[in-house]
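Some notes on the structure that comes next.
All of the numbers you see were taken from the coordinates with simple rules; none came from a lab. Computed from a predicted structure; not experimentally measured. Methodologically, a virtual Cβ is constructed for each residue, glycine included, from the backbone with ideal geometry; neighbour enumeration extends over all protein chains shown.
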Amino acid sequence: PSSPTYGQIVGKAELPTELAVNNEPHHMNFVNNNQYLVAGGLLSLLNKPQELFFWNLTDPLNPVFFKADNPPTSGAVDDVYPVPGGGFLVSVMGAADGTSPGAIAEYDVNMNLVGEWPPVGERPAGMNPHGIDLHTNMDLLITSDFVDPASTLIPTSGPLLRDTVRIWNPWSERRVTSTVES
């Protein structure tokens, strides 16, 4: 409140027009010691442009868009979680077509996709990761499932909501080791 620019827009991070039509950056986070901003496209799944957007924040008041990407086997990007030392994880609620199961996408310090976990064929049925938390000192990742994205986008009897928590212990193995259902 004491800042002379309090309540004012001081910079904008725009998407290129071809990515912005019928789309909206949704969950976002700073990664790599706040050098970059990464955001997921809330509506990207509907028109199949890229789903992750990257801005360089060398000049934080003038972000520069430099890249878009798509995890190839999953869709409906949600939460972005920075990893200590650089890189980040992304909860991706659905498969590439928005149905189940989803995955966790991992990106390195150079903003390149490392992998999607678990690999296709090993993903638990009904896995739609939304919330994500990593405890590196315990080698533990916890994700919470929310909704099958396709069930909210096409005419159905209603959204297919999830009430599960996935435990990846140890995270270094990149696989779900237990599931807790309420």
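A few points about this structure:
- Couplings 3J(HN,Hα) for the range 10-19, derived from phi with the Karplus relation 6.51 cos²θ - 1.76 cosθ + 1.60 (θ = phi - 60°), are 10, x, 9, 10, 8, 8, x, 3, 5, 9 Hz, where x marks Gly and Pro.
- Which label in (i) 47; (ii) 32; (iii) 58 gives the computed percent of Cα pairs over 26 Å apart: (ii)
- Phi angles across the range 102-116 convert, under the Karplus curve 6.51 cos²θ - 1.76 cosθ + 1.60 with θ = phi - 60°, into 3J(HN,Hα) values of x, 7, 10, 9, 10, 10, 8, 4, 8, 6, 9, 5, 8, x, 10 Hz, Gly and Pro given as x.
- Dipole magnitude of the range 1-83 about its Cα centre (Cβ charges: Lys, Arg +1; Asp, Glu -1), debye to nearest 20: 100
- Förster radius 22 Å - calculated FRET efficiency between THR179 and THR136, Cβ distance, rounded to 0.05: 0.50
- Tensor-based shape of the range 116-182 (alpha-carbon gyration tensor, a/c under 1.5 rounded, otherwise prolate or oblate): prolate
- Nonlocal amide H pairs with GLY115, under 5 Å, H built at 1.01 Å: GLU106
- Debye, to nearest 20: dipole size of the chain, +1 on Lys, Arg Cβ, -1 on Asp, Glu Cβ: 100
- Helix-only mean residue ellipticity at 222 nm for the chain, each DSSP H run of n ≥ 4 adding -39500 (n - 2.57), per residue, nearest 500: -1000 deg cm²/dmol
- Radius 11 Å from Cβ of THR143, net charge of other residues (Lys, Arg +1; Asp, Glu -1): -2
- Per-bin percent of Cα-Cα distances, the range 1-40 [10 Å]: 22, 38, 34, 6
- Length released on extending from ASN112 to ASP97, taking residue separation times 0.36 nm less the Cα-Cα span: 3.2 nm
- For THR177, the residues whose amide H sits under 5 Å from its own are ILE167, TRP168, ASN169, ignoring neighbours fewer than 5 places away on the same chain, with H placed 1.01 Å from N.
- Amide H within-cut-off set for LEU42, under 5 Å, with H built and near neighbours excluded: GLU24, HIS26
- The range 145-151 - phi-based ³J(HN,Hα) in whole Hz, Karplus 6.51/-1.76/1.60, Gly and Pro as x: 7, 10, 7, 6, x, 4, 5
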